[in-house]
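I'd like to ask some things about the structure below.
The values are calculated or read from the model by the stated rules, or taken from the named source; none is laboratory data. Everything numeric here is computed off the predicted structure, so don't read it as measured data. Quick reminder, even Gly has a Cβ in these numbers, built from the backbone with ideal geometry, and neighbours come from all protein chains shown. Protein only, heavy atoms only, side chains kept; ligands, DNA and RNA dropped before computing areas. Shrake-Rupley method; radii C 1.70, N 1.55, O 1.52, S 1.80 Å.
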Amino acid sequence: MKNKNNALSTYLFSTMGLVVMAALLVALNLIVGMTSLRVDCTEENLHTLSKGTRDILAKVDSQITVNFYYSRDLAELSMDIKNYARRVEDLLKEYEHYGKGMVVVRKYNPTPDSDAEDAARVDNIEPMNANGLPFYFGIAVKCLDETQTINNLSPSREDMLEYDITRAIYRVFHTDKPRVGIISTLPVMGSGQQNPMMAMQGQGQTPPWLVAQIMEQDYEVEELPKDIETIGSEISILLLIHPKDLPEKTLYAIDQYLLRGGRILGFLDPMSFAEQMAQPPQMMGMRPPTGPSDLGPLLPAWGVAFEKEGDEPGVIADTQYMLQSPGQPGQPEQVFPTVLSLGRDAVDKDDISVSQLDDIWYVNGGAFTFQGETGLTRTKLLLSSDKAGFVEKFQAMNLDPASGRRLLDSLKTDETQHVLGLRLEGTFATAFPAGAPGEDAAAKPADDEKKDAPAADTGLKKSEQNGIVVLFGDADMLANDFAFVGVGGGMGRQPLFYQPRNDNANLLMNLLEWLAGDNNLISLRSRGIKKRPFERIDKMLADANGKLRAALDEVVEEQKAANERLQKLDEKKQPGQNQSWYLSPEQREERANLKKKVEAFEKRRKELSKEYRHDVDSLEKRLMVLNIWAMPALVAAAGLALAFAKRRRMAHK
Amino acid sequence: MRSCRNTWTLTKRELASYFASPVAYVFIIIFLLLSGSFTFMLGQFFPRGESSLAPFLMWHPWLYLFLVPAAGMRLWAEERRSGTFELLFTMPISPTQAILGKFLAGWLFLGIALLLTTPIVGTVEYLGAPDWGVMRCGYLGSFLTAGTFLAITSMTSAMTRNQVISFIVSVVICLLLILAGWPPITNLILEWAPWNWLVEAASGFSVMTHFDNLQRGLIDVRDLLYFASVMVFALFGTGVILKSRRSA
């Protein structure tokens, strides 16, 4: 037995054994290499792509190249950018990992006149300017001939990074323009044939709204008639902009479209200012406010209702988020309580379509409440402040500062944040449980009855596929006057061009893009990435900054006063002999003292500026010394103590 | 069970012998001084303004490149030079137990040195809100890298009586393991042989690729297997070499 063991040991511990061991270990690594068993230990699961992304990557069947351009050698790069670039690389590694060979990440370091710079240009990566040098920081996703570019990566958009990359990957595979169907009472697609009301007034043809023109760049936009009976699945998104007084059959068509898994983006309105302004003036040139667009039985079926003021949907006024502008000198500032300027505090931070928006204008809009249990997932996208209340539409019909001030004085606010924008997802129930609404025999040609009869029988009672509805209580926010501002052109003439006034157009485009994506893309949410700064140092710097400013203000004030006194003293100078200026000895002494004071203030100001970082610098120095020297000193002391103890023990022996 | 006890006894004896000489203290002091200086001076710990151990851990493979061979070069070379090599094997322990015992003692010694760097963890926690999961993974990665280099040093130490030669050979092997995944080297490979799989294979052999994952807070079974494989292979190699030296 012992001999057998010895023989085995001899074979095992030989060069041959070593080769076999190496082969075994390589084979084991290769086999295990095919698995992907791993634990993400980060607090925010940074290395775990969301399920939506993983599912999209699983469907990738052709090679995708992700070119990451980052001018890493640029000396001027801030640490923020360097750290962020590392995190981008980390995330790209995850795409490579989950892409299982179908996603290849290539890193480029574009420097001036390099091959990498040429590659960046080919991929349409635009350089930023870093002290006169081009700085490339972007991603190009390529598949066959298709390229999607993400330009100017920025740490401020880090929580969107996964969505941006996944969307780019999705887009290189899906190149068709999605189709958007619009139903609107307003002349969104331009007046003329579409808006007989304006034609009657002889206002001629006007171009489509600017938001429609922007939409047309990325989507096939089609205006659907207000009496449409069926909305087909070729419509990717149904966009409702103030869909007022729609006939029952159109509401039924919308209902059935949604139940077939449709996606609806609705901008409803308790009173449309754009519609009101398009009315012919009545008594005393006034244009009365118009009625609400509330989608009839659809809103109750979705478990949503407009908040009311009196009998009608109320117009929300918000004392915190209201639009304000500085008044004339000596006058109070101008306020528009029913025009809300909504910033980051008002939007859902986890939602990709709104989380990055800084300024959304909400003009004479309403708010929603959720009613009953519908089984739908309800998300509040946009909220008012808790200092808001409702007014009737007649109170809000004039958007002028005087009316605004009056309205503000009489406004009763409650301590509730009202829902201005919302999203519903899931299995919807029909708003027409009794089937298709009855036809108006007089209005309908006889041959249509045949078509409608089976429709009533085959009508869906609940969603075949998950549907999505996104609703806002304002349609005016998309109108040219509220979403854009004209530039140039001069008085009375058309502006040379328009530029966005706020993020309203971005809101629409974000939502369309989000709704046009596949379900996996839609499921992506903002990544809650936590920045981990040195909070203590930041706080110290902020405190020091506050103190510095206060001290500087004081010194500057005193310096200013001393200078003024000096100036006054100089004015008292009398012309003396030889055209020189004469000051009495007391005045001369005072002048010298003041000059000294001014110089002392200047010195103090410089000292204060130096002191600004003093505490932080000394903390950093202390920590550095502690980290570099403290432990080695302790180890040395321990070593010496042990050596002495040993020597003494030896001596005693 | 008995073999475990034997190994552990030898480990304790070896570990105690480390601290019996001033070399251990000097080694720890140099390691702490260098890692601290690199973190704050080269790693730009404060300008980064980020509560993470990245500027500290990034230097570890480079520090271990020289310090681990220095700490481990005497593992077997010293025994062979002083003639205690044969004596060791007259004790009631097998060569495997002896190799493992010596290796574990060395690894624990490196672990103690690594543990003494914890003031940096306190500093990061004091200044901000670091991700403890990432920090733990980083330390694990550093400890595994140290173990891998030590196993290689154990093998080179068994090859020769001369500690300097052992040191140089192990530095070269460890350097290769570090550089295998380094872009200039992979680009060179690509120029020489434009096969992606070759580059991937070369990167797969690099300690950096695997250490990097752990440093990011990701424990991948493939990375753990890599470290374990290199250690097992190097220690097995130590056994083969020692056996051939004994029979020679």
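Quote to one decimal, in nm, the extra length available between A:Asp553 and A:Lys82 on full extension: 0.36 nm per residue of separation minus the C-alpha distance between them.
Fully extending the segment from A:Asp553 to A:Lys82 adds 165.9 nm.
In debye to the nearest 20, how big a dipole does the protein assembly as shown give about its Cα centre with +1 on each Lys and Arg Cβ and -1 on each Asp and Glu Cβ? Working shown, then result.
On the way: 93 positive and 105 negative charges, 1457 e Å.
Result for the protein assembly as shown is approximately 7000 debye, rounded to the nearest 20.
A follow-up question, please. Have a look at A:Pro207, A:Tyr257, A:Asn29 and report the one farthest towards the positive end of the charge dipole of chain A, computed about the Cα centre with Cβ charges (Lys/Arg +1, Asp/Glu -1).
A:Asn29
Continuing with this model, one more query. Where does each of A:138-151, A:418-431, A:354-367 land if you order them by average Cβ count within 10 Å, highest first? Please report the intermediate quantities before stating the final value.
Working: A:138-151: 18.8, A:418-431: 21.4, A:354-367: 23.5.
Highest-to-lowest ranking by the protection proxy: A:354-367, A:418-431, A:138-151.
Given a Förster distance of 30 angstrom, what is the FRET efficiency for A:Gln499 paired with A:His174, based on the Cβ-Cβ distance and rounded to 0.05? Each step should come with its number before you reach the end.
Details: r = 30 Å, r/R0 = 1.01.
Plugging the Cβ-Cβ distance into 1/(1 + (r/R0)^6) gives 0.50.
While we're here: In square angstrom and rounded to 100, what buried accessible area do you get between chains B and A, total over both, with the probe at 1.4 Å?
Details: alone 12820 and 37160 Å², together 45020 Å².
Summing both chains' loss of accessible area gives about 5000 Å².
Mind ordering A:218-228, A:173-183, B:46-56 by average Cβ neighbours within 10 Å, highest first?
B:46-56, A:173-183, A:218-228
Then there's this: Roughly what would the spin-label model give for B:Trp8 and B:Leu179, points 7 Å off Cα along C-beta, in nm?
4.3
Same structure again: Considering only A:Val335, A:Leu376, A:Tyr362, whose Cα is most displaced toward the positive end of the charge dipole of the range A:333-382, charges sitting on Cβ of Lys, Arg (+1) and Asp, Glu (-1)?
Going by the Cα projections, it comes out as A:Leu376.
How much length, in nm to one decimal, is gained on full extension between A:Ser14 and A:Glu464, taken as 0.36 nm per residue of separation minus their Cα-Cα distance?
Here the segment from A:Ser14 to A:Glu464 would lengthen by 155.1 nm.
I need the phi-derived Karplus couplings for the range A:104-118: 6.51 cos²θ - 1.76 cosθ + 1.60, θ = phi - 60°, integer Hz, Gly and Pro marked x.
10, 9, 10, 9, 10, 10, x, 10, x, 6, 9, 4, 4, 5, 4
Only loop residues by DSSP count here, and only those with at most 13 other Cβ atoms within 10 Å; note down the chymotrypsin sites (Phe, Trp or Tyr not before Pro) in the range B:101-188 that meet that.
none
Give me the percent relative contact order of chain A, please, defined on Cα pairs under 8 angstrom at least 6 residues apart. Don't skip to the answer; put the middle values down first.
On the way: 1033 pairs, mean separation 73.7, N = 653.
Relative contact order for chain A comes out at 11 percent.
If we count every other residue with Cβ under 12 angstrom of A:Arg501's Cβ, Lys/Arg +1 and Asp/Glu -1, where does the sum land?
On the way: positive: none; negative: A:Asp359, A:Asp481, A:Asp503.
It works out to a net charge of -3.
Share of antiparallel DSSP beta bridges in the protein assembly as shown, in percent to the nearest 5? Show your work: numbers first, answer last.
Values: 58 of 82 bridges.
Roughly 70 percent of the DSSP beta bridges within the protein assembly as shown come out antiparallel.
Given an 8 Å cut-off on Cα distances and at least 6 residues of separation, report the relative contact order of the range A:51-173 as a percent.
Values: 185 pairs, mean separation 37.1, N = 123.
About 30 percent, as a whole number.
What's the average, rounded to a whole number, of partner chain beta-carbon atoms within 10 Å of each residue's beta-carbon in B:13-26? Intermediate values should be presented prior to the final figure.
Working: counts 0, 0, 0, 0, 0, 0, 3, 3, 1, 5, 0, 2, 9, 3.
Average neighbour count from other chains, rounded to a whole number: 2.
Another question, if that's okay. Based on alpha-carbon centroids, what's the gap between the range A:593-653 and the range B:151-230 in Å, whole number please?
40
Further, regarding this structure: Counting Lys +1, Arg +1, Asp -1, Glu -1, what net charge surrounds A:Ala140 among other residues with beta carbon under 10 Å of its beta carbon? Kindly include the intermediate steps, with their values, before the conclusion.
Values: positive: A:Arg106, A:Lys142; negative: A:Asp123.
Summing Lys and Arg as +1 and Asp and Glu as -1 gives +1.
Shifting gears a bit: Take every residue in peptide B:42-49, count the Cβ atoms of other chains within 10 Å of its Cβ, and give the average of those counts.
Partner-chain Cβ atoms within 10 Å, mean over residues of B:42-49: 5.
Next up: Which of the listed residues, B:Ser35, B:Met58, A:Pro178, is farthest toward the dipole's positive end in the protein assembly as shown, when Lys, Arg count +1 and Asp, Glu count -1 at the beta-carbon?
Result: B:Ser35.
While we're here: With every protein chain kept in place and ligands, DNA and RNA left out, what is the accessible area per residue of chain A? Probe 1.4 Å, answer in Å². Don't skip to the end; give the middle numbers.
Numbers: 34680 Å² over 653 residues.
Heavy-atom accessible area per residue stands at 53 Å².
Suppose R0 equals 41 Å. What FRET efficiency, 1/(1 + (r/R0)^6) with r the Cβ-Cβ distance, do A:Lys603 and A:Lys646 give to the nearest 0.05? Each step should come with its number before you reach the end.
Details: r = 59 Å, r/R0 = 1.45.
Here the calculated transfer efficiency is 0.10.
Which residues, if any, in the range A:19-38 lose at least 40 square angstrom of accessible heavy-atom surface (probe 1.4 Å) when the other protein chains sit next to their chain rather than the chain being alone?
A:Met21, A:Leu25, A:Asn29, A:Val32, A:Leu37, A:Arg38
A follow-up question, please. Considering amide H positions built from the backbone, and no H for Pro or chain starts, which residues 5 or more places from A:Phe135, or on another chain, come under 5 Å of its amide H?
For A:Phe135, whose amide H was placed from the backbone, the distant partners under 5 Å are A:Met128, A:Asn129, A:Ala130.
With every protein chain present, what is the per residue accessible area of the range B:2-247 (1.4 Å probe, Å²)? Show your work: numbers first, answer last.
Values: 10060 Å² over 246 residues.
On a per-residue basis, the range B:2-247 sits at 41 Å².
Over the range B:2-247, what relative contact order in percent results from Cα pairs under 8 Å that are six or more residues apart? Intermediate results must be reported in sequence, preceding the final value.
On the way: 291 pairs, mean separation 63.1, N = 246.
RCO, the range B:2-247: 26 percent.
Which percent of the accessible heavy-atom area of the protein assembly as shown goes to carbon and sulfur, probe 1.4 angstrom?
C and S atoms contribute 57 percent here.
Would you calculate the separation in nanometres between label points at A:Ala434 and A:Gln217, each defined as 7 Å from the Cα along the Cα-to-beta-carbon direction?
Inter-label distance under the simple model: 4.8 nm.
Taking 7 Å along the Cα-to-C-beta vector as the label spot, tell me the A:Ala637-A:Ala58 distance in nanometres, rounded to one decimal.
About 5.9 nm separates the two model spin labels.
Ok, one more. Check each residue of the range A:529-550 and keep those whose accessible area, probe 1.4 Å, is at least 20 Å² smaller with all protein chains in place than in the chain alone; give them in order of residue number.
A:Arg532, A:Pro533, A:Phe534, A:Glu535, A:Arg536
On average, how many beta carbons from a partner chain sit within 10 Å of the beta carbon of a residue in A:620-630?
On the way: counts 5, 2, 0, 10, 8, 2, 5, 13, 12, 4, 3.
If you average over the peptide's residues, the count of other-chain Cβ atoms is 6.
Can I ask one more? May I ask you to evaluate 6.51 cos²θ - 1.76 cosθ + 1.60, the Karplus curve with θ = phi - 60°, for each residue of the range A:611-622 and list the ³J(HN,Hα) values in order in whole Hz, giving x for glycine and proline?
Once rounded to whole Hz, the list reads 5, 3, 9, 4, 4, 5, 4, 6, 5, 4, 5, 4.
What is the magnitude of the charge dipole of chain B about its Cα centre, with +1 placed on the Cβ of each Lys and Arg, -1 on the Cβ of each Asp and Glu, and no other charges, expressed in debye to the nearest 20?
I would put it at about 1020 debye.
Kindly rank A:601-612, A:98-109, A:465-476 from highest to lowest mean number of other beta carbons found within 10 Å of each residue.
Peptide ranking by packing, descending: A:465-476, A:98-109, A:601-612.
So for the range A:51-173, if I pair up every lysine 8 or more residues apart or on another chain, how many of those pairs have alpha-carbons under 19 Å apart?
Pairs that pass both the separation and distance tests number 12.
Pop the C-beta distance of A:Gln282 and A:Val39 into the FRET formula with R0 = 60 Å and round what comes out to the nearest 0.05.
Details: r = 71 Å, r/R0 = 1.19.
With R0 = 60 Å, the Cβ-Cβ based efficiency is 0.25.
Ok, one more. Is any helix in chain B, taking whole DSSP H runs, at least 30 angstrom long along its axis by alpha carbon and on average at least -0.5 on the Kyte-Doolittle scale, and which ones?
Answer set is B:132-159, B:221-247.
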